[in-house]
1. Per DSSP helix of 4 or more residues, -39500 (n - 2.57); summed, then divided by the residues of the chain. What does that give at 222 nm, rounded to the nearest 500?
2. Treating only the Cβ atoms of Lys and Arg (+1) and Asp and Glu (-1) as charged, compute the dipole magnitude of segment 24-139 about its Cα centre; round to the nearest 20 debye.
3. Under a Cβ-Cβ cut-off of 10 Å, what is the net charge of the residues other than Thr139 that fall near it, where Lys and Arg count +1 and Asp and Glu count -1?
4. Give the Rg (one decimal place) followed by the Dmax (whole number) of segment 168-212, computed from C-alpha coordinates and expressed in Å.
5. Once a ≥ b ≥ c are taken as the square roots of the eigenvalues of the Cα gyration tensor of segment 273-350, is the result rounded (a/c under 1.5), prolate (a/b larger than b/c) or oblate (a/b not larger than b/c)?
6. Could you point to the residue in Val347, Val157, Val84 farthest towards the positive end of the chain's charge dipole, with +1 and -1 charges on the Cβ of Lys/Arg and Asp/Glu respectively?
7. Using the Cα gyration tensor of the chain, with a ≥ b ≥ c the square roots of its eigenvalues, what is the shape: rounded (a/c below 1.5), prolate (a/b larger than b/c) or oblate (neither)?
8. Considering only DSSP states other than H, G, I, E and B, which GluC sites (Glu not before Pro) in segment 25-103 qualify as loop sites with at most 14 other Cβ atoms within 10 Å?
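Every number in this text was worked out from the coordinates using simple rules, so none of it is lab data. Quick caveat: nothing in here was measured; it's all calculated off a predicted structure. Backbone-built Cβ (ideal geometry, glycine too); neighbour counts: all protein chains shown.
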Amino acid sequence: MSFLKYLSIGILLLFATSAFADDAQLTHADRLEKIDKLLSGAISQGLIAGGVVLVGNHAEVLFERAYGKVSASVDARPMTVDTVFDIASLTKVIATTPSVLKLAEEGKLSLVDPVSRWFPEFNGQMKDDLLLYNLLTHTSGLDDFPLSPQNPIQSAVNGAAAEKLKGPVGSRFRYADINFILLAEAVKRVTGVGLDLYASASFFAPMGMKDTTFNPPKDEASRCAATLNTDNSLLFGQVQDSEARQLGGVAGHAGLFSTAGDLARFCRMILNCGEYDGKRILSERAVNQMTAPYFSRGGKVVRGLGWDRDSPYSAPRGNGFSDVSFGHTGYSGSSVWIDPASDTFVVLLTSRLEYRHIRDFNRLRSDLSSLAAELFAPPPEMRELMRLNYE
């Protein structure tokens, strides 16, 4: 969103303040009570051991609070707002997608490059129509498969090259980690360095995201929230996703660790059209391209590049955010949702305990975003005006 659009929205909000002055104003205590009740309920239900909630806009953090503990252990320490989390599939949109868009912005690759340009292993495999863009939108036709422990990244490339596509390229939306495993390897082949180094130099360091990293140092494990291993043992500072572990902890689909405060910096950069504290991180064109709608399944699924907009995975959109909002979830219990039309974002990071009751966990994500829109976004009447202005 350009400066002029933010200026227009500021004027709208000025009038909104006057127009809705007679409405009852929620106090900070009211907001705390509503969100406290939601998170306390999730803890008492056994969905999570604890978590951190952060709500903000393009300029500042509006709400930030920690709940519960970092694990279900009796002696677990309390959760704090600077607790470090395994953010799982948020890696796709916080590290991998912006790295690919940055390289496209620099002219080092194109989103419409054939995958075979960067992966000669795909030559002669009847996949000439497969483009990098299809990997970003999960319309490649590829499905996940086990990786070889001997050479996991090469087995990922070779396995994807040999795999029979499920339908014509672009015709099928199928969320699959292999798409982003390939994209991270493409970043490495283009730049000569790993995704971890490129994302850190391009995004995390310039924005002061000092706690965002792959493979946190062992002495930082005490700051991490727990995730559950396949045998229900606790992992602190070690990536939960087994394939990311096979890939050495640095992968395009999972492996990144971060804090709510660091993710807020990233969300603010997106809402500021690629700028953070006066520094240009991504071009406005790249941000717009990354978050624009891409349709599949006859328009029933709407994705961005990497980002989700309206799909079976869109629970964090809730009921209050606009149809131009976008975000992503992570298996470990993380989610981010951003609404540029109302200038609002919400971050949820949890120490997740329950993986079977997916519907209940999605309801937690949805209810939190609905509350964030209700408590922190402008009134519904003004949101519609802002959405029209944004478009």
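1. -10500 deg cm²/dmol
2. 200
3. Charge balance near Thr139 sits at +4.
4. 14.0, 42
5. oblate
6. Checked the options; the winner is Val157.
7. Here the chain falls in the oblate category.
8. Hits after loop and neighbour filter: Glu60.
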